[in-house]
Every structure is written in C-alpha cells, then in structure tokens.
Amino acid sequence: MGVLIVLGTVGLVVVLVQRMGGAAVQVALPPASLGQPAGTRMLSVAAAEGRIAVLVARPDGTERLLLLEPGRGRVVGELRAAE
C-alpha cells in the first residue's frame, strides 16, 4: 500500500513539472532582409491584415511602404508615391 502511495505521488509531481515547464511556447521567425539600400531608415511598423507594413525612408529622400509576409520573412509588396 505504501509503494502505491509513493508511486502515485511521484507520478503527480512528474505531471505537474511537465505542465509547468511546457507552458511557454516560442515561435521563431525567419530572418528577413528588406532588400533596401544602405542608409535606409525604418519609420514605422504596423500589422495589416496578416501582413506587416513597414514604412521606410531611403537615402535618396523617398519613402516606401513595404508589405512583409511574417511566416516567410520576405517582402511581398512595395508601395511608393508617384515619382
């Protein structure tokens, strides 16, 4: 009878430790390159319907809005004002 109590207590402790240790889920994002020239500055970042919108200022003075796909970490669209 004492052996069953000890085994039950050990089993309970093991389950509790596993549940407490597995509570944090980490998601790794792939590295992303915006493909912009050196000296480009990020002005703002916002979520936009499953995409990430990044407003950048390029060294030549123009601003562009880049749309990133978060799952793959790549630029899927670019908006710029008429030149």
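The values are calculated or read from the model by the stated rules, or taken from the named source; none is laboratory data. Because the structure is predicted, anything quoted here is derived from the model rather than measured. All Cβ positions, glycine included, derive from the backbone under ideal geometry; neighbour counts span all protein chains shown.
Applying the condition of being assigned to a loop (DSSP other than H, G, I, E, B) and surrounded by 11 or more Cβ atoms within 10 Å (Cβ to Cβ) to the stretch 21-70 and asking which residue is modelled with the lowest pLDDT yields A32. Of all residues in the stretch 4-14, those satisfying the criterion of being among the β-branched types (V, I, T) and either assigned to a strand (DSSP E or B) or at pLDDT 75 or above (or both) are I5, T9, V10, V13.
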